[in-house]
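Read through the structure below, which is laid out as structure tokens, and then see the notes.
The values are calculated or read from the model by the stated rules, or taken from the named source; none is laboratory data. What you are looking at is a predicted structure, and each value in this text was computed from that prediction instead of being measured. Cβ coordinates were reconstructed from backbone atoms using ideal geometry, including for glycine residues, and neighbour counts include every protein chain displayed. To get the accessible areas, we keep the full protein, side chains included, count just its heavy atoms, and leave off ligands, DNA and RNA. Shrake-Rupley method; radii C 1.70, N 1.55, O 1.52, S 1.80 Å.
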Amino acid sequence: MPRIAIIRKERCNPQGCGGYLCARVCPINMEGQDCIVKGPDTKPIINEELCTGCGICPNRCPFDAIDIINLPDKLEHPIHRYGRNGFHLYSLPTPVFGKVVGIVGRNGIGKSTAIKILAGIMKPNLGKDEEATWQKLVEHFKGKEAQTYFEAVRDGKITVSYKPQHVEMIPKTTTGTVKELLKKVDERNAFDEVTKTLNLNKVLDRDIKQVSGGELQRIAIAATALRKANFYIFDEPTSYLDIKQRINVSKFIKELANEQTAVLVVEHDLIILDYMTDLLHITYGKSGSYGIVSLPKQTRTGMNTYLEGYIRDENMRFRDKKIEFIARPPRPINKLILTEWKPMELKLGDFKLNVSEGKIGKSTIIGVVGENGIGKTTFVKALAGEITTNEKLNNITVAYKPQYLQDESDEFVNSFLVEAISKYQTQLIEPLELKHLLNKPLKTLSGGELQRVYIAKCLSQEAELFLLDEPSAYLDIEQRLTLSKVVRDLADQRDVSILIVDHDLLFLDYISDKITVFEGEPAKQGSVTGPFEMEQGMNKFLTSLNITLRRDKESKRPRINKEGSVLDREQRSSGKLYYG
């Protein structure tokens, strides 16, 4: 049985464990052989050929820095390995011409590595210490669909256009106006059509350093689509986008695929990934250690398989429990009122927000939906007391997690999370996977790590109302659903209420008791109505999006109906856009 040994060097601290504890407790070392030795970078090295997989060193490591993993025989040779005892990636997704192929899976499991290999941005090493030649790759994949792809790459028949995950880096490496940058890459002479479809006309004359995150994402998508290519790759194309923009971008990406063109998408919003793709690869393994890419499946089957956590045709269980959705109502709603407000008007510069009267019940979770720039954050800040209003929230205590997080602080996580560590180890620190971050400065954390730290900070405070502004940003699907459970348990156990602004409809459907709806014209004026019961609020919101949602018969997850389908027409005619 093949075995890999992973050492997470960013966690490993030989001085902190008294000097190479892993080597001192290794039975093979005790017999006089060098299974675990000190490496040239002062971190240990594990000889995988000598390792017996006894499990002693990973269990004794105080920093959770070691993984010893027994793999199925078919996974003897990785596609790529990040150095000795580094992350291993096994297998790759397969582009299909005429189709949009999706990739679903946790963060840190090799999705971005896989698509960078397909995009030609990085050359795989097949587990060796040097890059593989194109001919070696063709031989490695002999008899598989990937063989044809790498032969086409080798022969210059594949032209790739790739949208990277981290679009926020673009202003740091490019200069000029949006129009100048997009004109420069317009190899298809489709500038007018693409910018109009992606609603970029209002920002074309703006400097690239002066655009918002959502605008930057759409600019990056436009730049990718304007290049003349027959293989388009989009890594997380909906981050920073509101749900209306996500649907629009999904339609745009779907239309790129034709008989001469393949499209590949990595995405964490399952409703959107389901909506835009034809086929789906599941990536599984252990975050930071190894990743495996499954064979492709029809999207509906692949999505339900992912939620179940078990790939039947490969006899592979990658999660110990299935992710389950339930039909409404999920639980009785507390009728006691925590706080309420009368109609009010909020102004920020030229923007005006009209707030209808509303109230929040005790032990209630309220989802907030609406476009970007329509006043959601303004409203939340008013509830948090950060914006002065003529309305008081009956003197209730409020805890607030802002949308934009401070990421330049030298403060260490264990200092920042003193309350959470002392009081909520099992409720927050463990489920949000924060233990290995405690000895790191905030400024060294990734977007997802920083998000989870700030969520824990907010939820550890003593308050009656918790306000979370876009908590799912940077989180993978499993982290989002874990967060749902954490929030639900918090509401039940501490009898508190939580208001959540987010753009992931599946996440909000999974967690919310009620829905507040924002409508209006972005950057000019908005209006707030609700909270409504879920069906009433979602019907109101879906009307503005011009879509209908149904539940999957097998998994009960929400899915967007194909426009004009029988079910879509039936739900529209009955006025039940939300699940029929």
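Among Gly86, Val100, Val138, whose Cα sits farthest toward the positive end of the charge dipole of region 69-146 (+1 at Cβ of Lys/Arg, -1 at Cβ of Asp/Glu, about the Cα centre)?
Most positive-ward Cα: Val100.
Taking amide H positions as placed in the peptide plane 1.01 Å from N, state which residues far from Gly127 in sequence (5 or more) or on other chains have amide H under 5 Å from it.
Correct list: His80, Arg81.
Output ³J(HN,Hα) for region 378-388: one whole-Hz value per residue in order, computed from phi by the Karplus curve 6.51 cos²θ - 1.76 cosθ + 1.60 with θ = phi - 60°, and x for Gly and Pro.
Computed from phi, the couplings for region 378-388 are 4, 5, 5, 5, 5, 5, 7, x, 8, 10, 6 Hz.
Once Lys and Arg get +1 and Asp and Glu get -1 on their Cβ, which of Ala491, Ile158, Ser287 lies farthest toward the positive end of the dipole of the chain?
After comparing all options, I get Ile158.
For region 100-184, what is the relative contact order in percent, using Cα pairs closer than 8 Å and at least 6 residues apart in sequence?
Relative CO of region 100-184 lands at 17 percent.
Just to confirm a number: summing +1 for Lys and Arg and -1 for Asp and Glu over residues other than Leu468 whose beta-carbon lies under 10 angstrom from that of Leu468, what do you get?
Summing Lys/Arg as +1 and Asp/Glu as -1 gives -2.
Amide H neighbours of Ala262 under 5 Å, at least 5 residues apart or on other chains, H built in the peptide plane: list them.
Gly98, Phe231, Tyr232
Run through region 450-525 and list the trypsin sites (Lys or Arg not before Pro) located in a DSSP loop whose Cβ has at most 12 other Cβ atoms within 10 Å.
Filter output for region 450-525: Lys524.
Please identify the cysteines of the chain that lack any partner cysteine with a Cβ under 4.7 Å from their own Cβ.
Unpaired cysteines in the chain: Cys12, Cys17, Cys26, Cys35, Cys51, Cys54, Cys61, Cys458.
Taking the structure as given and computing semi-axes √(5λ) of the Cα gyration tensor in Å, which label from (i) 43, 24, 23; (ii) 52, 33, 22; (iii) 40, 32, 23 fits?
Matching the structure shown: (iii).
May I ask you to evaluate 6.51 cos²θ - 1.76 cosθ + 1.60, the Karplus curve with θ = phi - 60°, for each residue of region 495-507 and list the ³J(HN,Hα) values in order in whole Hz, giving x for glycine and proline?
6, 10, 10, 9, 10, 10, 8, 7, 10, 8, 5, 5, 4
All other residues with a Cβ under 13 Å from the Cβ of Lys562 taken together, and with Lys, Arg as +1 and Asp, Glu as -1, what is their net charge?
In short, +2.
Near the amide H of Gln525, under 5 Å away, which other amide H atoms are found, from residues 5 or more places off or on another chain, if H is placed in the peptide plane?
Result for Gln525 returns Lys352.
Past 31 Å, Cα to Cα, is the threshold; run Lys9/Lys376; Lys286/Lys335; Lys99/Lys457; Lys157/Lys251; Lys111/Lys435; Lys322/Lys435 against it and keep the listed order.
Distance filter (> 31 Å) returns Lys9/Lys376; Lys286/Lys335; Lys99/Lys457.
Per residue of region 354-371, what does 6.51 cos²θ - 1.76 cosθ + 1.60 with θ = phi - 60° give for ³J(HN,Hα)? Whole Hz please, x for Gly and Pro, Karplus curve as stated.
With coefficients 6.51, -1.76 and 1.60, one gets 9, 10, 6, 5, x, 8, 10, x, 5, 6, 10, 10, 10, x, 10, 10, x, 5 Hz.
To the nearest 20 debye, what is the magnitude of the charge dipole of region 482-580 about its Cα centre, counting +1 on the Cβ of each Lys and Arg and -1 on the Cβ of each Asp and Glu?
320 debye
Dipole of region 452-521, Cα-centred, from +1 at each Lys and Arg C-beta and -1 at each Asp and Glu C-beta, to the nearest 20 debye?
That gives a dipole near 300 debye.
Could you list the trypsin sites (Lys or Arg not before Pro) in region 156-248 that lie in coil according to DSSP, counting only those with at most 12 other Cβ atoms within 10 Å of their Cβ?
Taking region 156-248 and a limit of 12 other Cβ atoms within 10 Å, the loop trypsin sites (Lys or Arg not before Pro) found are Lys157, Lys228.
Report the relative contact order of region 226-338, percent, no decimals, based on alpha-carbon pairs under 8 angstrom and at least 6 residues apart.
Relative contact order for region 226-338 comes out at 17 percent.
Within region 365-471, which chymotrypsin sites (Phe, Trp or Tyr not before Pro) sit in a loop by DSSP and count at most 14 neighbouring Cβ atoms inside 10 Å?
Counting only loop positions with at most 14 other Cβ atoms within 10 Å, the chymotrypsin sites (Phe, Trp or Tyr not before Pro) in region 365-471 are Tyr404.
Could the peptides 278-287, 314-323, 85-94 be put in order, highest first, of the mean number of other beta-carbon atoms found within 10 Å of their residues?
Ranking, from highest mean packing down: 85-94, 278-287, 314-323.
For the ranges 562-569, 348-355, 264-271, what's the packing order if you count other beta-carbon atoms within 10 Å of each residue, average per peptide, and put the highest first?
Per-residue mean Cβ counts within 10 Å order the peptides as 264-271, 348-355, 562-569.
Which one of Pro62, Ile109, Pro124 is farthest out on the positive end of the charge dipole of region 50-128, using unit charges on Cβ (Lys, Arg +1; Asp, Glu -1) and the Cα centre as origin?
Result: Pro124.
Identify all lysines with a Cα-Cα distance to Lys576 below 20 Å; exclude those on the same chain that are fewer than 8 residues away in sequence.
Lys244, Lys514, Lys540, Lys553, Lys556, Lys562
Considering only protein heavy atoms and a 1.4 Å probe, what is the carbon-and-sulfur percentage of the accessible area of region 383-467?
Carbon and sulfur: 46 percent of the exposed surface of region 383-467.
Which percent of the accessible heavy-atom area of region 135-272 goes to carbon and sulfur, probe 1.4 angstrom?
That share works out to 46 percent.
Report the relative contact order of the chain, percent, no decimals, based on alpha-carbon pairs under 8 angstrom and at least 6 residues apart.
Relative contact order comes out at 13 percent.
Mean residue ellipticity at 222 nm from the helices of the chain, using -39,500 (n - 2.57) per DSSP H segment of n ≥ 4 over the full residue count, to the nearest 500 deg cm²/dmol?
Result for the chain: -8500 deg cm²/dmol, rounded to the nearest 500.
Counting Lys and Arg as +1 and Asp and Glu as -1, what is the net charge of the other residues whose Cβ lies under 11 Å from the Cβ of His436?
0
Roughly how many debye, to the nearest 20, is the charge dipole of region 368-479 about its Cα centre, given +1 on each Lys and Arg Cβ, -1 on each Asp and Glu Cβ, and no other charges?
The calculation lands at about 160 debye.
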